[in-house]
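Down below is the structure, laid out as structure tokens.
The values are calculated or read from the model by the stated rules, or taken from the named source; none is laboratory data. Quick caveat: nothing in here was measured; it's all calculated off a predicted structure. Glycine gets a Cβ as well: all are built from the backbone with ideal geometry, and neighbour counts include every protein chain shown. Accessible surface is based on the protein model in full, side chains and every heavy atom, while ligands, DNA and RNA are left aside. Shrake-Rupley method; radii C 1.70, N 1.55, O 1.52, S 1.80 Å.
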Amino acid sequence: SLPALKDPKRILTQATFQGQVYLFNVWGSWCVACRDEHPVLMQFAAEHVLPIYGLDYKDERTAAEDLLAKQGDPYTAIAYDASGDVGINWGVYGAPETFLVDKRGVIRHKYIGPLTASLIRDDLMPRIRALEAERP
């Protein structure tokens, strides 16, 4: 359970994500590679393929909010992990990292480093289609 980045009174839990295939993207405003990845996430989010949830990792809340205000927000919701404890539970050791999660909440694939348009097209999309075809 973590507070939402934009509304600290709203708590995001595992139940928030259940029952759907989704991406869980770990990022921070301090992360140069995350900034490089951001336009790719914006484009992918605009295609409405699946929800993208964010984990703002070891960041300053205002810095993260400023970045999103200036560059756009590709996320359905963002959990704020100032201490990095939830990131540790996910096995995160840096940013960006992106997890593809199935309808039962099982991590099915992990991408280390920034997503690219070709990675999404050639690797991620076939995995998403296969997971969406599975029964919950």
Open item on the list: For region 47-75, give me each residue that is in contact (Cβ under 8 Å) with a residue 24 or more places away in the chain, β-branched (Val, Ile, Thr) and open to solvent by 20 Å² or more (accessible area, probe 1.4 Å).
Closed with: Val49
Task: Residue in region 1-25 that is surrounded by the fewest Cβ atoms within 10 Å (Cβ to Cβ), counting only those that are under 19 Å from Asp66 (Cβ atoms) and touching a strand residue (DSSP E or B) at 6+ places or on another chain (Cβ under 8 Å) - done: Pro8
Task: Unmet criterion (only one of (1) of a type in the set (A, V, I, L, M, F, W, C); (2) touching a residue at least 40 places away in the same chain (Cβ under 8 Å); (3) in a helix (DSSP H, G or I); (4) open to solvent by less than 20 Å² (accessible area, probe 1.4 Å)) for Leu115 - done: (3)
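Residue by residue through region 2-25, note down the ones that are among the β-branched types (Val, Ile, Thr) and in contact with a helix residue (DSSP H, G or I) (Cβ under 6 Å, 6 or more places away or on another chain).
Of everything in region 2-25, just one residue is among the β-branched types (Val, Ile, Thr) and in contact with a helix residue (DSSP H, G or I) (Cβ under 6 Å, 6 or more places away or on another chain), namely Val21.
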Task: Residue list for region 95-115, restricted to those being under 19 Å from Gly28 (Cβ atoms) and out of contact with any Phe, Trp or Tyr (no Cβ under 9 Å at 6 or more places or on another chain) - done: Gly113, Pro114
- [ ] Pull up region 26-46, narrow it to residues that are open to solvent by 10 Å² or more (accessible area, probe 1.4 Å) and among the β-branched types (Val, Ile, Thr), then point me to the one that is nearest to Gly72 (Cα to Cα).
- [x] Val40
TODO: Confirm whether Arg121 is closer than 22 Å to Gln18 by Cα and surrounded by fewer than 18 Cβ atoms within 10 Å (Cβ to Cβ).
DONE: no
Open item on the list: Please go through region 91-107 and give me each residue that is assigned to a loop (DSSP other than H, G, I, E, B) and either surrounded by fewer than 16 Cβ atoms within 10 Å (Cβ to Cβ) or touching an Asp or Glu at 6+ places or on another chain (Cβ under 8 Å) (or both), ordered by number.
Closed with: Gly91, Tyr93, Gly94, Pro96, Asp102, Lys103, Arg104, Gly105, Val106
Task: For Ser29: the one exception among (1) touching a helix residue (DSSP H, G or I) at 6+ places or on another chain (Cβ under 7 Å); (2) closer than 18 Å to Lys110 by Cβ - done: (2)
